[in-house]
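Reading through the structure tokens given below for one structure.
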Amino acid sequence: MTSKTVTVIAALFVTAAALSSCGNTIRGVGQDTANAVDATQAAGSNVANAAE
């Protein structure tokens, strides 16, 4: 293997790792958003029940 081949392979691994990290971050943001929506709905239900 030449040094150019090794460099290309290393760059591909780094790119794959970076893209994987981005995917995990986006998935985490989606889960956090869903949890915030659930909490907001629960709080709204609690207020509605207390007002009755």
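Miscellaneous remarks
- Overall form of the chain per C-alpha gyration tensor (a/c, 1.5; a/b vs b/c): prolate
- With Cα atoms, 0 to 90° folded angle of helix 3-51 axis to the chain main axis: 0
- Think of it as helices only: each DSSP H run of n ≥ 4 in the chain is worth -39500 (n - 2.57), and spread over all residues that comes to -35500 deg cm²/dmol at 222 nm.
Here, each number is a calculation from the coordinates, and none is a lab measurement. Quick caveat: nothing in here was measured; it's all calculated off a predicted structure.
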